[in-house]
């Protein structure tokens, strides 16, 4: 995103650049005698000032996702495998729920939304595989912004849906009499619509701070990249800190709180429970965290680097780590969107021999037994899986 400087400031910088260029003339006399004109250094300074940040001069974050050759190649390999597994896997989940489950529980509806989001993201990986393989962006500025915006939206949607699953399980166990209120179809639909609206809103920074620009590869060759266009260090700190706090730290704080309350409730009751639903949701929570944690660690390292002086050793070290790790950690984050079908397959292996292709529907029916047509206390007990302890 080009940023136009004010005229007075631009003229002062232009004057200073010209002085610096002329000051270099004595040092370059030998060069000029050999037939080379030293004046291009002046014109280069002028061109860089007038060309704007799309050339990378005012961008404090100079690296892109294709800055490192090894990281880029490895990331493309991961994304290729993710696409092959994730597209059919997530659409199989969608088919299982829509075609095989008539009475869908709250958790099943949330899993359906999660599979739709993940399946859509898996389709988008085709663009990123091409980007990493060619190490240049060929899809234009519009798709550059749109694709990264949609990927960021998917990250928020995934963690918010997982958080809603955890909150629902907490209500089912800790406040079973309130379950009929929060589990009605009308309320669930409204919550999901609000969640998607919130997701599209808070992902806007990834739309604003992204542009096509000219970059240099490791062989100093020019190429086109789809990269962040932060013009100030504050922009880097804002985007990545906001992304990590709102898309990882706060949701996981809510999730942990929910399961602490569930465990406290279980210790206070004399009932024995079936915990298939909690096990399934905890597995989803753990898998999402494992694959997204490296990405957010790199985000925080990039934020930390902005607090150090530009030429300091610590900043150079942090910049090198983020530059060499960005493609791999981003590709690992994509794995979380193809891992859920694999997780469900292992969780439902006892249903496969008996139910065949409908095993996943049986898994969801068994793990999420919401009964919406009975009394509130009964709903809570059945949804939470309570059974009297045998004496």
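Here, each number is a calculation from the coordinates, and none is a lab measurement. As the structure is a prediction and not an experimental result, all values here were calculated from the model. Here the Cβ positions follow ideal geometry from the backbone for every residue, glycine too, while neighbour counts run over all protein chains shown.
Fewest neighbouring Cβ atoms within 10 Å first, the residues 186, 216, 145 line up as 186, 216, 145. Taking 0.36 nm per residue of sequence separation and removing the Cα-Cα distance, the residue 249/residue 138 pair yields an extension gain of 36.5 nm. Going from the residue with the fewest nearby Cβ atoms within 10 Å to the one with the most, 317, 354 rank 354, 317.
Residue ranges 174-180, 194-200, 153-159 sort as 153-159, 174-180, 194-200 when ordered by packing (mean number of other C-beta atoms within 10 Å per residue, highest first). Calculate, for residue 343 and residue 311, the FRET efficiency according to 1/(1 + (r/R0)^6) with r their C-beta to C-beta distance and R0 35 Å; round to the nearest 0.05. Once the sixth-power term is evaluated, E becomes 0.15. For residue 297 and residue 103, a Förster radius of 51 Å and the Cβ-Cβ distance give a FRET efficiency of 0.75, rounded to the nearest 0.05.
Computing FRET efficiency as 1/(1 + (r/R0)^6) for residue 279 and residue 219, where r is the C-beta to C-beta distance and R0 is 51 Å, gives about 0.50.
Residues 165, 314, 287, 306, arranged from fewest to most other Cβ atoms within 10 angstrom of their Cβ, appear as 314, 287, 306, 165. Return, ordered by residue number, the residues of the range 85-100 whose backbone nitrogen is under 12 Å from a label point located 7 Å along Cα→Cβ of residue 358. In the range 85-100, the label zone of residue 358 (backbone N under 12 Å from the point 7 Å along Cα→Cβ) covers 99-100.
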